[in-house]
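One structure, as structure tokens, below. Some questions next.
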Amino acid sequence: MEETITKESKWKKEEEEEAKIQIYKYVFGFAEAAVIKCAIELKIANVIESHGRPTMTLSQLSTALNCSPPLLFRIMRFLTHRGIFREETTPENLIAYSQTPLSHMLINVAPLLLLENSPEIVASWHNLSAKLKNSYNNNENSDLVVPFEVAHGKDIWSYGARNPGFNRMFNEGLGCNARVITLPAILENCGDIFNGVESLVDVGGGNGTTLSVLVKAFPWMKGINFDLPNVVSTSEKYDGVEHVGGNMLDFVPKADAAFFMCSLTDEEYSLPPKSSITCSIGVVRGYAFRV
Ligand SMILES: C[S@@+](CC[C@H](N)C(=O)[O-])C[C@H]1O[C@@H](n2cnc3c(N)ncnc32)[C@H](O)[C@@H]1O
């Protein structure tokens, strides 16, 4: 009996000691995202990638980035521990770095990482508790609480319309997500949902990246990128894609099919009221479908 008590108190003590270590993960949980943002802003991966040799010494990297070697070393130590860059020692006994699949991805996914780690988006996460407070019994008012609006006093689209820098970052971030992650998966696994579609309107299509990829994959298809006026007016032009600005609740340009990607939740999913479109293709929460 006494032995069991001793064992239990030993485990409890060990758990408490472990908790003291683990809690620091949460105290400094923000640091991981901050260091990755720092790496992207300094363009560390781009510089190593374009160096022309597989490895780059700390000294070469510091010179290229105009950064203090001891400071840069600390950032690189943090990143290499997480598999972002590989640390090696050269035959001359110098510290050197090379790319890993993860550091290579930093280059491709930079706009998305910068968006999700932007002060505006992080501020909405910091208001997550506002969404849950008083939500017991499915209180209707709590459905109306949107953390972004609590943080910024307006909805994300109005905020984007008044803040061109955020508008651009948002559209580039989502365009990057579409180009690098979502569309390759759609094209590889269910590209046939576009069979027979000669004209496609992307409703809430952002800056048109999605359609620019789709019209390349299906060259017979004409793309109409439909989004809010402030979004399409600042979007790049793409061959085979026409930008149209407007409010999807008022109208949707005519096409063989309407495409909704992450523009609606599955609860909201329906064709807009004044639409003449009878076919729609959606990608909602990782599922692609055609109705
Ligand atoms: C979550 S984003 C999705 C963007 C893009 N479809 C994607 O998956 O990357 C929603 C898009 O809908 C647009 N949007 C929001 N309200 C809109 C409205 N009333 N009419 C047209 N577009 C709207 C936004 O500007 C934004 O580009």
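Throughout, read-outs are computed from the coordinates displayed, never taken from laboratory work. Because the structure is predicted, anything quoted here is derived from the model rather than measured. Virtual Cβ from ideal backbone geometry, glycine too; neighbours counted across all protein chains shown.
Please list, or write none, the lysines whose alpha carbon is within less than 30 Å of the alpha carbon of LYS13, excluding same-chain residues fewer than 8 places away.
LYS25
Reported to two decimal places, what Rg/Rh ratio describes the stretch 175-215 when computed on Cα atoms with Rh from the Kirkwood expression?
When Rh is taken as the Kirkwood radius, the ratio is 0.94.
Tally Lys/Arg at +1 and Asp/Glu at -1 over every other residue whose Cβ is under 15 Å from the Cβ of ALA161; what's the total?
Once positives and negatives cancel, what remains is -1.
Taking a label point 7 Å from the Cα of VAL122 along the Cα→Cβ vector, which residues of the stretch 33-52 have an amide N closer than 14 Å to it?
33-41, by backbone N distance to the label point.
Filter the cross-link list LYS37/LYS222; LYS12/LYS131; LYS20/LYS131; LYS43/LYS237 down to pairs whose alpha-carbon distance in this structure exceeds 28 Å.
LYS37/LYS222; LYS12/LYS131; LYS20/LYS131
Right, here's the next one. Which of the peptides 239-245, 202-208 is most tightly packed, and how do the rest follow, judged by the mean count of other Cβ atoms within 10 Å per residue?
Packing proxy ranking, top to bottom: 202-208, 239-245.
Restricting to bridges with both residues inside the chain, how much of the DSSP beta-bridge set is antiparallel, in percent to the nearest 5?
40
Rounded to two decimals, what is Rg over Rh for the chain when you use alpha-carbon atoms and the Kirkwood radius?
When Rh is taken as the Kirkwood radius, the ratio is 1.08.
Under a point spin-label approximation (7 Å from Cα along Cα-to-Cβ), what is the LYS10-ASP239 distance to one decimal in nm?
With each label placed 7 Å out from Cα toward Cβ, I get 7.3 nm.
What distance in nm lies between label points placed 7 Å from Cα along the C-beta direction at ASN138 and GLU188?
My value for the distance between the label points is 3.9 nm.
Order these by the 10 Å Cβ neighbour count, fewest first: THR90, THR100.
Ordered by Cβ neighbours within 10 Å, fewest first: THR90, THR100.
Hey, could you pull the Cα Rg and Dmax for the stretch 1-114, both in Å?
Rg then Dmax for the stretch 1-114, in Å: 19.9, 68.
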